[in-house]
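So the structure is just underneath, and the comments pick up after that.
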Amino acid sequence: MQELPAQPNQSLLEGLEVLLAVARAAEPVRGRELAREMGMTPTRMQRYLGTLAHQGLLMQHPDRRYGVGPGIHALSAISLSASGLAVRAMTVLPDLSGPERVVALGVLWRNSVSYLYFNVPGRAVARSLGREADYPAMDSAIGRVLLASVSQERIARDFPGRETSILPLLEEVRKRGYARIDREGGEISLAVAVGTPPIAGLALSGHFCQSEIKGLLSRLREAAVALMDPQLENTP
């Protein structure tokens, strides 16, 4: 993500934040409630919601709540088609699956990870696209491996007051070349970056033996390279 320009368009930034807030909500939201949550006047919020609804990015329901509109789905389809990442994920990532193993592909947005692909044991591959809610970035191996590539200024912006505890963890990720989180109960999450500069992170989670780690990282890195291969989009 590029740094903010010297004279940013604040209205555009606010409008995008409103759009993101509605899109992330578990159910349609009321303008007044959203205005209170975002520290905005109801009148200003209504202008944003009305404009976004006019453009088809949001939709006003009969009860006057707002939810995502068809424009969001169009943008999603266009972006996934343009990047080719989702198509490649369906080709590459099933090979990483295994008993009691989670395979995840995610992208970083501010202080959260949004999952493009999330497969758990027993879940059909076809149901692995876009099925998980956003997750706090610093609690995620994907989040850490992606945050390791951003500036200290961005860390300060997205994690106010937490820079001193976060930066050493990210420095460790940079030195290793991958992220590792050891969780309670013995579960281990491993993640590598996809692309240079990174556009996504790829992770495996499970109860791994220490002797397996090197091999799993090798498989993750091979899959990360394959995810950037446009020829895979033409695979039958």
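Every read-out reported here was derived from the displayed coordinates using simple, explicitly stated rules and does not represent laboratory data. In this text the structure is predicted, and so the values were computed from the model without any measurement. Positions of Cβ are generated from backbone atoms using ideal geometry, with glycine treated the same way; all protein chains shown enter the neighbour counts.
Quick look at the numbers
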quantity	calculated
Calculated SAXS-style log₁₀ I(q)/I(0) at q = 0.30, 0.31 Å⁻¹ - region 37-78, Debye, Cα scatterers	-1.00, -1.03
Net dipole in debye of region 117-236 [+1 Lys, Arg Cβ; -1 Asp, Glu Cβ; about Cα centre; nearest 20]	120
Whole-Hz ³J(HN,Hα) from phi, Karplus 6.51 cos²θ - 1.76 cosθ + 1.60, for region 208-219, glycine and proline x	9, 7, 4, 5, 8, 4, 4, x, 5, 5, 4, 5
Listed peptides 21-31, 72-82 by packing density, highest first (mean Cβ within 10 Å)	21-31, 72-82
Stokes-Einstein D in µm²/s, Kirkwood radius over Cα pairs - region 74-115 at 37 °C with 0.692 mPa s viscosity	275
Contour excess over end-to-end distance, with Cα ends at residue 30 and residue 10 and 0.36 nm allotted per residue	4.9 nm
Cβ-based net charge around residue 190, under 14 Å, with every Lys or Arg adding one and every Asp or Glu removing one	+3
Charge dipole magnitude, Cβ of K and R +1, D and E -1 - the chain, Cα centre, debye nearest 20	300
For region 52-67 versus region 120-180, the gap between their alpha-carbon centres in whole angstrom	32
Projected area averaged over orientations for region 1-126, convex hull of C-alpha atoms, nm²	10.2
Per-q log10 I(q)/I(0), the chain, q = 0.10, 0.12, 0.13, 0.15 Å⁻¹ (Debye; single scatterer per alpha-carbon; no solvent)	-0.55, -0.78, -0.90, -1.13
14 Å beta-carbon shell around residue 123, net charge (K/R +1, D/E -1)	+1
